[in-house]
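Asker: Below is a structure I'd like to ask you about.
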Amino acid sequence: MTSRPSRTTAPLAIALVVVAGALTMQQPAHAAANRVRLGNTTDMARTSWNGPAFTMNGAGGIVAASMSRAIEDIRGGTGSIDVVVLAGSAPTSGSATPECDTIMGLTGVNSCTTWTLTAAADGNNSQVNTDVRNAEFVYFAGGDQCKYTAWKGTSLEASVESVVAKGGGSGGGSAGHHINSPIVYDACNGSVTSAEALANPYDRYISFTTGMFQWANYGGVVNDSHFVTRDRMGRTMAFLARAVKDGLAPGGAAWGVGVEEGGGSLFLDRDGMATQYGKDAYVVLADHQPEQAVDRKPLSYSGFKIWRLAPGSTFDFKNRPSCGYYLRSVTNGVADGNLYSGTPVTNCGSQGGGASLAESEPNDTRDAADDATALATPGSVTGTMKSASDRDYFKISLAAGQTLITNCAIPAQYDADAYLLDASGSTLVRSVNGGAGADESLTFTRTASGTGTYYLDLEAYSGSGTAVYTCTLTKS
């Protein structure tokens, strides 16, 4: 039998119930998952796709050049694809769909759907999973990778994996770059600096999530973003030493992939070949046990192998090289100087260095064009818009049936447009995206027999400067 409350405790009990009820009512409810779709309302239907393809970006935004390459690879030159952008929070200003705004301006896109998911349970949202499974590319926006790792084991993890398995792709920037590596620095305990990580590789801010996405040819990798600007080489070194010491990487070797912000993007094709776009990236290898990696003691590790990938350079993740790297070490928490450049111990051609051709002025006409006909593929041409009327020409050759994909990363100092001309100077295709810093992309297939001569023409539309543009040329 339950006793009645005394005359003195009854009002207090009632008051507590009222206060508790008021507090419950005031608790903010979980925001519903939010969906915004741009483009066609009906998904593409096709039995097979030509990927997978991946984009790993140093900052949160879309890099048009690498994204265009991914779209082209996945659709194989025909049809169009559906893209889903996954975000852990809504943008604080501007458009509600910044990634899709860019994606919808690219060739070969049928639709782009942005999902803002604010809870781990959203990973089991049926409409989210339907959209993802019907898409051909999933892009993880910048933000907080800890929110993304919370989707491990949900239906959403399997849905993203199904997109890649059918020949689609995945990618992301900043936090979205982190989540696409098999060893994820999840930042669930907070963000760590290089100085903190080198002083203690077991700092409480260092935590990892493993066993989520395992993309082919990308095993044993820890991704990092905003790499040079935020000086993150040191913390990547600590991550790799931890991965080796704690057995997180297969075969006792851990690989770091650090991509710079400001347009940096590492594109990975279905054969494991990576091409760098826009800004530098770094591949860092720890292939032996650290001399010292214990809690509350500084890191010591001799001989990290580092490949610097300039725009246009390539790196074979399927057949990882044993050449082309420079060496740097950490002793009692102090890293060697000049971490971001060095002379390779051995040279292995374009592997890790890339094939590139810099403009030589004057090259303002087809007759004065810089000759890029012998440039290896993928390769790159570079230059600047030295004046508001500057034009740069590069000579290119294509065989019968060969497709040329040109992706130009344009710096923020000026607006430049790209044209592909035939031997007589007639325009075949053009890319004239508006605004300073807007990237340009061209795709053209030679249908005539034999080999033909073509010209890539970069023209200043507005502004000028000394910042270098990079156009990556891929023939297939």
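The values are calculated or read from the model by the stated rules, or taken from the named source; none is laboratory data. Note that this is a predicted model, so its numbers are computed, not measured. When we count neighbours, we look across all protein chains shown, and the Cβ atoms used for this are built from the backbone with ideal geometry, even at glycine.
So that you can scan it fast, the table gives a plain yes or no per residue for (1) in contact (Cβ under 8 Å) with a residue 40 or more places away in the chain; (2) out of contact with any Cys (no Cβ under 9 Å at 6 or more places or on another chain):
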residue	(1), (2)
THR314	yes, yes
CYS323	no, no
ASN338	no, yes
GLY342	no, yes
GLY383	yes, no
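Asker: With respect to ILE179, determine if the residue is more than 30 Å from ARG69 (Cα to Cα) and touching a strand residue (DSSP E or B) at 6+ places or on another chain (Cβ under 8 Å).
Answerer: Against the criterion (more than 30 Å from ARG69 (Cα to Cα) and touching a strand residue (DSSP E or B) at 6+ places or on another chain (Cβ under 8 Å)), ILE179 does not qualify.
Asker: Could I ask something else about it? Restricting the first residue to segment 118-147 and requiring it to be within 18 Å of THR97 (Cβ to Cβ), which pairs with a second residue that is in a helix (DSSP H, G or I) and hydroxyl-bearing (Ser, Thr, Tyr) meet a Cβ separation below 7 Å and a spacing of at least six or different chains?
Answerer: That search, which allows pairs on different chains as well, returns VAL132/SER159; PHE140/TYR148.
Asker: Shifting gears a bit: Given the conditions (1) touching a residue at least 24 places away in the same chain (Cβ under 8 Å); (2) surrounded by fewer than 19 Cβ atoms within 10 Å (Cβ to Cβ); (3) out of contact with any Gly (no Cβ under 7 Å at 6 or more places or on another chain), which single one is not true for PRO91?
Answerer: That leaves (1) as the condition not met.
Asker: Please go through segment 303-359 and pick out each residue that is on the phi > 0 side of the Ramachandran plot, modelled with pLDDT of 95 or more and either in a strand (DSSP E or B) or of a type outside the set (Gly, Ala, Ser) (or both).
Answerer: Listed by number, the residues that qualify are GLY303, ASN332.
Asker: Within segment 88-196, which helices (runs of 4 or more DSSP H) (wholly inside it) include 2 or more residues that are of a type in the set (Asp, Glu)?
Answerer: Ranges flagged: 98-103, 155-165.
This table checks each residue for (1) at pLDDT below 95; (2) in the same structural domain as ASN319 (by TED's automatic domain parsing); (3) not in a strand (DSSP E or B); (4) not aromatic (Phe, Trp, Tyr).
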site	(1), (2), (3), (4)
TYR202	no, yes, yes, no
THR229	no, yes, yes, yes
MET237	no, yes, yes, yes
GLY256	no, yes, no, yes
GLU261	no, yes, yes, yes
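Asker: Would you please name the residue that is nearest to the chain's Cα centre (by Cα), looking only at residues in segment 381-401 that are among the polar types (S, T, N, Q) and surrounded by 16 or more Cβ atoms within 10 Å (Cβ to Cβ)?
Answerer: THR382
Asker: Take the residues of segment 272-310 that are acidic (Asp, Glu) and within 10 Å of ALA241 (Cα to Cα): which is farthest from the chain's Cα centre (by Cα)?
Answerer: The residue in question is GLU291.
Asker: Step by step: first the residues of segment 248-300, then only those that are small (Gly, Ala, Ser) and within 17 Å of GLY234 (Cα to Cα), then the one that is surrounded by the fewest Cβ atoms within 10 Å (Cβ to Cβ). Which residue is that?
Answerer: Looking at residues that are small (Gly, Ala, Ser) and within 17 Å of GLY234 (Cα to Cα), I get SER300.
Asker: Considering only segment 447-465, state which residues are charged (D, E, K, R) and crowded, with 20+ Cβ neighbours inside 10 Å.
Answerer: Result: ASP457, single match.
Asker: Return the residues of segment 427-457 that are assigned to a strand (DSSP E or B) and either closer than 23 Å to GLY264 by Cβ or in the same structural domain as GLY77 (by TED's automatic domain parsing) (or both); say none if nothing qualifies. Step through it out loud before you land on a result.
Answerer: From segment 427-457, those assigned to a strand (DSSP E or B) are 427-431, 440-445, 451-457; that's our starting set.
Matches in segment 427-457: SER431, GLU440, SER441, LEU442, THR443, LEU456.
Asker: Restricting to segment 122-176, and then to whatever is under 18 Å from the mean Cα position of the chain (by Cα) and of a type in the set (Asp, Glu), can you tell me which residue is surrounded by the most Cβ atoms within 10 Å (Cβ to Cβ)?
Answerer: GLU136
Asker: May I pose another question? In segment 190-236, which residue that is of a type in the set (Ser, Thr, Tyr) and touching a helix residue (DSSP H, G or I) at 6+ places or on another chain (Cβ under 6 Å) is surrounded by the fewest Cβ atoms within 10 Å (Cβ to Cβ)?
Answerer: The residue in question is SER194.
Asker: For segment 411-431, does any single residue satisfy the condition of being modelled with pLDDT under 95, surrounded by 13 or more Cβ atoms within 10 Å (Cβ to Cβ) and among the β-branched types (Val, Ile, Thr)?
Answerer: No, every residue in segment 411-431 fails to be modelled with pLDDT under 95, surrounded by 13 or more Cβ atoms within 10 Å (Cβ to Cβ) and among the β-branched types (Val, Ile, Thr).
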